[in-house]
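In what follows, a structure is listed as structure tokens, so that the remarks can point back to it.
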Amino acid sequence: MHRPIDVILSGLLISPEIYLWVNLVTFNQVWIERLTATKKDGWANQYAAENGKTKSKLTQGLLSLCLFIAFVVMLCIYFRDFLTSTPVQQSIYPYLMNGWILLTYLTIYQSLYMIYQIWTLRKRIEA
């Protein structure tokens, strides 16, 4: 029960999560384009891309992501005394404990469901 894309991605050692993120970004872009008031000519974009007249925004996006992560890390380092203080730790402790409990239950459920799927996959197939 695997698709050809699963075999290709595993052969290329590409994580399925990256594939899912790309699909999510594409899905969001399509819906944003559909919901905007101004419409774009898709065929003109296709011709421009085939002729090499378009520019990729991947570098800008990756650079923006790196800068955002660096900014958050710097803020965490700068405010580390506040973030590790007793009042902050006491205020987030219940949320962390509930999160760990929820994660435990989800892990148990997912493991049981996976065992169920493996068990039903091994059943005798009748035509």
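In segment 53-76, the residues that are free of Cβ contacts under 8 Å to residues at least 12 places away in the same chain reach residues that are part of a helix (DSSP H, G or I) and open to solvent by 90 Å² or more (accessible area, probe 1.4 Å) with C-beta atoms within less than 9 angstrom, at least six apart or across chains, in these pairs: K53/Y47.
Hey, any hits in segment 42-61 for a residue that's modelled with pLDDT of 90 or more, polar (S, T, N, Q) and within 30 Å of T120 (Cα to Cα)? No, segment 42-61 contains no residue that is modelled with pLDDT of 90 or more, polar (S, T, N, Q) and within 30 Å of T120 (Cα to Cα). Return the residues of segment 76-89 that are loosely packed, with under 10 Cβ neighbours inside 10 Å and within 27 Å of the chain's Cα centre (by Cα); say none if nothing qualifies. Passing the criteria: only I77.
Can you tell which of I32, I69, I101, I92 is farther than 30 Å from H2 by Cβ and exposed (fewer than 10 other Cβ atoms within 10 Å of the Cβ)?
Working: I69 fails: exposed (fewer than 10 other Cβ atoms within 10 Å of the Cβ); I101 fails: exposed (fewer than 10 other Cβ atoms within 10 Å of the Cβ); I92 fails: exposed (fewer than 10 other Cβ atoms within 10 Å of the Cβ).
Among I32, I69, I101, I92, only I32 is farther than 30 Å from H2 by Cβ and exposed (fewer than 10 other Cβ atoms within 10 Å of the Cβ).
Scanning segment 5-21 for residues that are over 11 Å from the mean Cα position of the chain (by Cα) and of a type in the set (D, E) turns up just one, D6. Based on what the data block shows, is Q60 within 30 Å of H2 (Cα to Cα) and open to solvent by 80 Å² or more (accessible area, probe 1.4 Å)? For Q60, the condition - within 30 Å of H2 (Cα to Cα) and open to solvent by 80 Å² or more (accessible area, probe 1.4 Å) - is not met.
Evaluating E126 against the criteria (1) closer than 30 Å to H2 by Cα; (2) modelled with pLDDT of 90 or more; (3) open to solvent by 90 Å² or more (accessible area, probe 1.4 Å) leaves one unmet condition, (2). Considered as a group, the residues in segment 45-57 that are surrounded by fewer than 10 Cβ atoms within 10 Å (Cβ to Cβ) and not charged (D, E, K, R) include one that is nearest to the chain's Cα centre (by Cα), and that residue is S56.
The values are calculated or read from the model by the stated rules, or taken from the named source; none is laboratory data. The shown structure was predicted, so the numbers you read here are calculated from the model rather than taken from an experiment. All Cβ positions, even for glycine, are placed from backbone atoms using ideal geometry, and neighbour counts span all protein chains on display. Accessible surface is based on the protein model in full, side chains and every heavy atom, while ligands, DNA and RNA are left aside. Shrake-Rupley method; radii C 1.70, N 1.55, O 1.52, S 1.80 Å.
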